[in-house]
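The values are calculated or read from the model by the stated rules, or taken from the named source; none is laboratory data. Here the structure is a predicted model, which means the values were calculated and not measured. We place every Cβ from the backbone using ideal geometry, glycine too, and count neighbours over all the protein chains shown.
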Amino acid sequence: MKVTEHIAQAKDTLLSFEILPPLKGKTIQTLFNHLDPLMEFNPSWINVTYHRSETAFKKKQDGTFEKVEIRKRPGTVGICAAIMNHYKIDTVPHFICGGFNKRESEDALIDLNFLGINNVLVLRGDAEKNEPSFLPEPSGHQYAIDLQKQVVNLNHGIYLDDDIRDGGKTNFCIGTAGYPEKHFEAPNLEIDLQRLKNKVDAGADYIMTQMFFDNEKFFSYVNQCRNMGVTVPIIPGLKPITSKKQLSVLPRIFHVDIPTELSTEIMKCRTDEDVETVGTEWLIHQSKALKKFGVPVLHYYTLGKPKVIWNVVKEVI
Ligand code: FAD
């Protein structure tokens, strides 16, 4: 079922979880072990992130270095299929521009369609570690909206190869990313919001947000979207803070603020276990207030912390 169908049929706030593919070398069972406890909450679907390969320099025996491509977390599409088989639940693969040319994107969409996966979260992806800014593949897409247009075309049976007439139509429900605290490359929130609206006008069916720790920023974001005429569901992305290190890591990597009240409490903690308690309490309060606000779904980034998410969700549902 599509994400939008789940939302349309819901009688209460829905739940969804996000996982990362396991590191290369680990089995699918490690992932099932991660998800098993969370399945008791009957999530509506599971998102699976996508991780492109990275360029690294590997030291050779003679002391020189060799440039190698490393893909640490492969398997997004296979994992979605495995989760669907194992739990009989819908999945949402993240689908990025980075590392793909248009033909490869089309082939990946055809694979997803054949597997019966009809949800995609369409994203640009970030710059490679050794690149100053995002660079598309030759003949790849520059922005998420461009990849999204390709998905919309395929939904209309339009393939890259114009020899294909009456092509089979896919039926993808398209999610897009939104940033309550602005995407870091956008000059200001207004321009970022206009670009978000462009993605919705071009066919995105719902918005999934970057994590945030201050609900007021999310509420204001939703209001601004609605005032601009963006009517699609907006799903909040939620993550617990579980270590002191995250006070600097999360703002640096995800460009989000940690509210003073939360950071003050975390700085008082003596151990990461204490931080986990504070982070869990904060996320419970955040989730309850979001539910009251009427969000359609609470979407949790589980990222290696299923127990914390379990502790939060059992207090919220
Ligand atoms: P876009 O919508 O293309 O926007 C990127 C930037 O370009 C923004 O600053 C926007 O304002 C600007 N822009 C858009 N259109 C134009 C234009 N026409 N002219 C000039 N500027 C423009 N990354 C992964 O690699 N794998 C994942 O699995 C993944 N999952 C994510 C899930 C969520 C919910 C979110 C919020 C992010 C995720 N990301 C993931 C990170 C994402 O790829 C990065 O944040 C990326 O930098 C931007 O992606 P986007 O889809 O928002 O891009």
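Data overview
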| item | result |
| --- | --- |
| The one condition in (1) away from the ligand (no atom under 12 Å from the Cβ); (2) charged (D, E, K, R); (3) buried (at least 18 other Cβ atoms within 10 Å of the Cβ) that K182 fails to fulfil | (1) |
| Only one of L189, L250, L196 that is more than 20 Å from V312 (Cβ to Cβ), of a type outside the set (K, R) and either modelled with pLDDT under 95 or under 18 Å from the mean Cα position of the chain (by Cα) (or both) | L196 |
| Given (1) among the hydroxyl-bearing types (S, T, Y); (2) more than 11 Å from the ligand (Cβ to nearest atom); (3) surrounded by 16 or more Cβ atoms within 10 Å (Cβ to Cβ), index of the condition T231 fails | (3) |
| Failed item, numbered, when N153 is tested on (1) more than 16 Å from the ligand (Cβ to nearest atom); (2) on the phi < 0 side of the Ramachandran plot; (3) surrounded by fewer than 15 Cβ atoms within 10 Å (Cβ to Cβ); (4) not basic (K, R) | (3) |
| Residue list for the stretch 197-218, restricted to those being in a helix (DSSP H, G or I), acidic (D, E) and under 16 Å from D146 (Cα atoms) | D201 |
| Test set (1) over 14 Å from L109 (Cα atoms); (2) within 13 Å of the ligand (Cβ to nearest atom); (3) out of contact with any strand residue (DSSP E or B) (no Cβ under 6 Å at 6 or more places or on another chain) - D161 fails condition number | (2) |
| Every pair of residues 6+ apart whose Cβ atoms lie under 6 Å, when the first sits in the stretch 167-196 and is closer than 12 Å to I207 by Cα and touching a residue at least 60 places away in the same chain (Cβ under 8 Å) while the second is basic (K, R) and more than 7 Å from the ligand (Cβ to nearest atom) | C173/K2 |
| All strands (runs of 3 or more DSSP E) inside the stretch 52-97 with 2 or more residues being buried (at least 16 other Cβ atoms within 10 Å of the Cβ) | 90-96 |
